[in-house]
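Just below is one structure, and these are the notes that go with it.
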Amino acid sequence: MKHKKIHIAFITLFVLISVTYAVTKIWSNIVTVNVSAYNLTLSVEPSDVVQYENVTFTGTFTLDGVAVETANITLYEYNGLAWKPVAYTFTNSMGMYAFEWNMTQIGSFDYKTGFES
């Protein structure tokens, strides 16, 4: 009986300590994270050419609708296995960029642009 009382007293003490720790939480202040959206566009003129003619790739780069100036833009060409960087330029004060590209190979080619901060 003596051991049973000690056991019950120990359980009661454990429950009291557990309840005390369970209801005692200390919280930090709340912080807000604002996530902005980049937008990078690309177009090409003309899209149909004869070998050795030039095409012009143009686009804009904005952050929440505001032009991003002097951003380093990379033009990539897909070679059937991976995207390969083929040209580099910077955006102007209006967030616009352009590449003039000579089409030396015959075929159909995929291009995209990218920005790395």
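State yes or no: is TYR38 in contact with a strand residue (DSSP E or B) (Cβ under 6 Å, 6 or more places away or on another chain) and of a type in the set (Phe, Trp, Tyr)?
yes
Mind checking whether some residue in region 34-42 is outside any loop (DSSP other than H, G, I, E, B), more than 16 Å from the chain's Cα centre (by Cα) and at pLDDT 95 or above?
Kept after step one, since they are outside any loop (DSSP other than H, G, I, E, B), are these residues of region 34-42: 38-40.
From what is left, the residues that are more than 16 Å from the chain's Cα centre (by Cα) are none.
For region 34-42, residues outside any loop (DSSP other than H, G, I, E, B), more than 16 Å from the chain's Cα centre (by Cα) and at pLDDT 95 or above: absent.
What about THR70, is it modelled with pLDDT of 95 or more and over 30 Å from SER108 (Cβ atoms)? Spell out how you get there, then give the answer.
Values: modelled with pLDDT of 95 or more: yes; over 30 Å from SER108 (Cβ atoms): yes.
It is true that THR70 is modelled with pLDDT of 95 or more and over 30 Å from SER108 (Cβ atoms).
The values are calculated or read from the model by the stated rules, or taken from the named source; none is laboratory data. Model, not experiment: these values are computed from the prediction. Here Cβ is always computed from backbone atoms with ideal geometry, including for glycine, and neighbour counts include all displayed protein chains.
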